[in-house]
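The values are calculated or read from the model by the stated rules, or taken from the named source; none is laboratory data. Please read these numbers as outputs of a predicted model, since none were measured by experiment. Because the Cβ atoms are built from the backbone with ideal geometry, glycine has one as well, and the counts that use them run over all protein chains shown. Ligands, DNA and RNA are excluded from the accessible area calculation, which covers all protein heavy atoms including side chains. Shrake-Rupley method; radii C 1.70, N 1.55, O 1.52, S 1.80 Å.
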Amino acid sequence: MNGPGPAAGSGGEGTLRDVADLAAQHRFGTSQAVHPLGGGDVGCLGFIVTVSLLAPGIGMVIGPFPALVTWIGVALLVIAVATPFASIRYERRRDLRIPRLHLFDGGVIITYPGGTAVHPWSEIRTVESSRSVTYGQNLNTARAHRLELHVQDGELLCSLGEPQASLVRRLAAGAE
């Protein structure tokens, strides 16, 4: 099966066993690596929210304020304590929603929440790109190098940075 289609397993999560079965069906050989594609980390945001709410919450609770202000302080403290737990729970559930790139000697399998894409290396075209990006308050610049995986018809499958790109280059070159 090529392109996103019905999932190999229940729910479309693409378990490692389902991926191994697909790889065996397509004679892809040995598994080399699995890389999550995308995501986003709420851990830092959760930490910032917690730290930002602790000081005012404590001040409102221990200060000589009316009852309403004390209750607002209690609410801020409850939110500050609950935020890390909510962040962890969100991250665990997020891991099931993000696509994953499974690299094999003979090809790639990408698992999506709603299906899978299976492509031998002969159907994959790699495209290198590089651009300048600015970061920080001083607007420092750096070169960002990406390796894109395209199907022969031009459809973009994914984009990778280093160090994942070096393994993909090696596998793609070995299949030629």
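Tell me which residues come under 5 Å, amide H to amide H, from Thr15 once H is placed; ignore anything under 5 positions away on its chain.
Distant-sequence amide H within range of Thr15: Gly9.
Can you tell me the 0 to 90 degree angle between the C-alpha axis of helix 67-94 and the longest principal axis of the chain, rounded to 10?
So the inclination is approximately 10 degrees.
Amide H of Gln32 versus every other amide H placed in the peptide plane: which residues, excluding those fewer than 5 positions away on the same chain, fall under 5 Å?
Result for Gln32 returns Leu103, Phe104, Asp105.
Can you work out the Karplus-derived ³J(HN,Hα) for every residue in region 29-35? Use 6.51 cos²θ - 1.76 cosθ + 1.60 with θ = phi - 60°, whole Hz, and x for glycine or proline.
Here the 3J(HN,Hα) series is x, 6, 6, 9, 5, 10, 10 Hz.
Under a Cβ-Cβ cut-off of 10 Å, what is the net charge of the residues other than Val127 that fall near it, where Lys and Arg count +1 and Asp and Glu count -1?
So the surrounding residues net to 0.
Summing +1 for each Lys or Arg and -1 for each Asp or Glu, what net charge is found among the other residues whose Cβ lies under 14 Å from the Cβ of Phe28?
After counting each charged neighbour, the total is -3.
Tell me which trypsin sites (Lys or Arg not before Pro) from region 124-166 have a DSSP coil assignment and no more than 16 other beta carbons within 10 Å of their own.
Passing sites in region 124-166 do not exist.
Which residues' amide hydrogens lie under 5 Å from the amide hydrogen of Val108, considering only partners 5 or more residues apart or on another chain, with H built in the peptide plane?
Amide H neighbours of Val108: His119, Trp121.
Just by accessible area at a 1.4 angstrom probe, what is the order of Asp105, Asp18, Asp153 from largest to smallest?
Asp153, Asp105, Asp18
Suppose only helical runs count, i.e. DSSP H with n ≥ 4. What mean residue ellipticity at 222 nm does that imply for the chain under -39500 (n - 2.57) per run, divided by all residues and rounded to the nearest 500 deg cm²/dmol?
-13500 deg cm²/dmol
Using only Cα atoms, tell me the angle between helix 16-25 and the longest principal axis of the chain; keep it within 0 to 90° and round to the nearest 10.
10 degrees
For a quick check, take a GNM of the chain with Cα springs below 10 Å and name the residue from Leu147, Leu160, Leu76 with the largest mean-square fluctuation.
The residue that fluctuates most here is Leu76.
Please get the size of the charge dipole for the chain, origin at its Cα centre, with Cβ charges of +1 on Lys and Arg and -1 on Asp and Glu, quoted in debye to the nearest 20.
360 debye
Return a whole-number percent for the relative contact order of region 14-91, with Cα pairs under 8 Å and 6 or more residues apart as the contact set.
31 percent
Using each residue's phi in region 109-114, evaluate 6.51 cos²θ - 1.76 cosθ + 1.60 at θ = phi - 60° and report the 3J(HN,Hα) Karplus result to the nearest Hz, with x for Gly and Pro.
Per residue, the Karplus-derived 3J(HN,Hα) values read 10, 10, 9, 10, x, x Hz.
Excluding Ala165 itself, calculate the net charge of residues whose Cβ lies under 9 Å from the Cβ of Ala165, where each Lys or Arg counts +1 and each Asp or Glu counts -1.
Around Ala165, the surrounding residues sum to 0.
Taking a spot 7 Å from the Cα of Thr15 along the direction of its beta carbon, which residues of region 96-114 have an amide N less than 17 Å from it?
It comes to 96-97, 111-114, nothing else.
For Cα Rg over 2.2 N^0.38 Å, one of (i) 1.46; (ii) 1.12; (iii) 1.21 was computed from the structure I shared and the rest are decoys. Which label?
Correct label is (i).
Run the numbers for Leu156 and Asn138: contour at 0.36 nm per residue of separation, minus the present Cα-Cα distance, in nm.
3.1 nm
Return the carbon/sulfur percentage of the accessible area of the chain, one whole number, probe 1.4 Å, all protein chains in place.
61 percent
Between Gly136, Gly107, Gly57, where does the largest GNM mean-square fluctuation fall for the chain, given springs only between Cα atoms within less than 10 Å?
Between Gly136, Gly107, Gly57, it is Gly136 that shows the largest mean-square fluctuation.
Taking Cα centroids, how far is region 16-58 from region 120-176 in Å?
20 Å
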